[in-house]
Amino acid sequence: MADTGTAYDGPAQPDARADGLGEAVDRFVRTRVIPSETVLDAGGKEAAAALARLRTEARAAGLWALPLPAELGGGGLTFRRYAALAEAEGASDHGPAALGSAPLLDVTMLERHGTARVREEYLERLVAGSMRTCYAMTEPDVPGTDPLRTATRAEARADGGWSVSGRKWFTSGAAGADLVTVLARTGGAAGDREGLSLLLVPTASPGFRVVRELPVLGAAGQYEIELDRVRVPADHLLGTGGDALAIAGERLALGRTLRCLRWLGQARRAFDLMAERAATRSGSRGPLAEHQLVQQHVFDSLLALRTTRPLVHEAVALIAAGRDARTEVGLAKVAAARMLQQVTDSAIQVHGAAGLGPDTALPSLFRGGRAARILDGPDELHITSVARRVLRGYGRGHGAATPG
């Protein structure tokens, strides 16, 4: 991500630069994280050592766990303030892990819905980065968009705990996780809205195993897992039981918005690479920057970035205020996913064959853009959900309630 000062940046978001954190995070990701991506992507001992080194440097720079609670060892930023930094942090997929903000979803969920024992035993360790969690919802035969059909079951035990059996897949980071939050049916039958619960499962428990890795368009990090009568303590049930959909809804709204912010950062990175290539590359017909079709790529990409960012920050504002943001999150998620794919595709086109090879981040960014249209619900789910919600308002004669 070149520090070019391009016209892309546009109007600053609230609190984005007020205390210098924006520049500091951007500089850290650009000069420390991005140069380490090749090693981090490869995994193994060298990747673990590189990540540990980056985390030490982030702590020393005062950039560790900025959106996590100060009383647990984090930076204590509100979500609204952190959102102004999340674009720069997310320009690399490894940014959140290197800077300690990756557990934000789990820390928020456990703070709100975990028992006293869970909060006491796990929260500080999560914020410190000494343990890792993952979230298991989707199943091989049950899409995440239809959780009512969840086949994983948790049976009550005589000692008050649970016995969990089932299979999940596309579970991010499962191979290195210490805990996995599992969506399971604790009551009712398939299709019932009631009876779905979330349980926190220690991965060292007998009966838990990683079945296989599931590369996403060639990228590592996703796994299929199996639980065979895994014993889970009673106090590892999140919420009151049977309220998984409400808890998951909170998590998804925040998680989707975080992804959108990070996709904006990755699209900016692709845009900067494209603009730098156009400005510095010349051929027999002169500089690429003078070609009208190249200018078209630059313009369309800039337009996509500038029009998507306000949608994302509208969702941020509503979530930060504790208001219903379902429509805004749906709009932002679809727009940001499309935008990342569009901008990266244009950047590859301007680079030519060089954009397909290993010398730039563009293949990885393009892969992320394509996956973005499925992650956290495919585009089609959000399109139909938003449209139905809007049309219901018109059907009741309340067209004024329509966004915009």
As I understand it, the value is the acute angle between the Cα axis of helix 116-128 and the longest principal axis of the Cα atoms of the chain; what does it come to in degrees, rounded to 10? 20
Give the whole-number value, in cubic angstrom per residue, of the convex hull volume spanned by the C-alpha atoms of the stretch 246-401. 121
What is the Rg over Rh value, at two decimals, for the stretch 133-238, using alpha-carbon atoms and the Kirkwood definition of Rh? 0.96
Scan around residue 162 for amide H atoms under 5 Å from its own, H built in the peptide plane at 1.01 Å from N, and keep only partners 5 or more places away or cross-chain. 157, 232, 234
Can you give me the Cα centroid spacing of the stretch 26-47 and the stretch 218-282 in angstrom? 19
Can you bin every Cα-Cα distance in the stretch 321-404 into 5 Å intervals starting at zero and give me the percent of pairs per bin, rounded to whole numbers? 3, 14, 19, 15, 14, 11, 9, 7, 5, 3, 1, 0
Angle, helix 326-351 long axis vs. longest principal axis of the chain, Cα atoms, 0 to 90°, nearest 10? 40
Go through 92, 383, 129 and say which Cα lies farthest out towards the positive end of the charge dipole of the chain; charges sit on Cβ, +1 for Lys and Arg, -1 for Asp and Glu. 383
Would you list 121, 155 from fewest to most Cβ contacts within 10 Å? 155, 121
Segments 288-300, 84-96 sorted - mean Cβ within 10 Å per residue, highest first: 84-96, 288-300
Mind checking the dipole of the chain: about its Cα centre, +1 per Lys or Arg Cβ, -1 per Asp or Glu Cβ, Debye to the nearest 20? 480
Please work out the Cα center distance from the stretch 94-151 to the stretch 339-391, rounded to the nearest Å. 25
GNM, the chain, Cα, under 10 Å: largest mean-square fluctuation among 213, 124, 380? 380
Using helices alone, I'd like the mean residue ellipticity at 222 nm for the chain: each DSSP H run of four-plus residues gives -39500 (n - 2.57), total over residue count, nearest 500. -15500 deg cm²/dmol
Find, among the trypsin sites (Lys or Arg not before Pro) in the stretch 232-293, those assigned to loop by DSSP (not H, G, I, E, B) with at most 12 other beta-carbon atoms within 10 angstrom. 285
What is the sum of charges around residue 389, taking Lys and Arg as +1, Asp and Glu as -1, for the other residues whose C-beta is under 13 Å from the C-beta of residue 389? +2
Report the residues of the stretch 258-289 in range of a label on residue 307: point 7 Å along Cα→C-beta, backbone N strictly under 18 Å from it. 264, 267-268, 271
Measuring from the longest principal axis of the C-alpha atoms of the chain, the long axis of helix 292-320 (C-alpha) lies at a number of degrees, nearest 10, equal to 30
Estimated translational D of the chain in µm²/s (Stokes, Kirkwood radius over Cα pairs; 10 °C; 1.306 mPa s): 71
Assign one of three labels to the stretch 192-249, namely rounded, prolate or oblate, based on the Cα gyration tensor with a ≥ b ≥ c the square roots of its eigenvalues; rounded applies when a/c is under 1.5, prolate when it is not and a/b is larger than b/c, and oblate otherwise. oblate
If we count other beta carbons within 10 Å of each Cβ, what is the order of 223, 394, fewest first? 394, 223
Of every Cα-Cα pair in the stretch 174-316, the percentage lying beyond 20 Å is 68
Rounded to the nearest 20 debye, dipole of the stretch 7-111 from Cβ charges on Lys, Arg, Asp, Glu: 260
Of 168, 45, 333, the most mobile residue in a GNM of the chain (C-alpha springs, cutoff 10 Å) is 45
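No value in this document is a laboratory result; all are computed from the given coordinates. Everything numeric in this text was worked out from a predicted model, so none of it was measured. In this analysis, Cβ positions are derived from the backbone assuming ideal geometry, glycine residues included, and neighbour counts consider all displayed protein chains.
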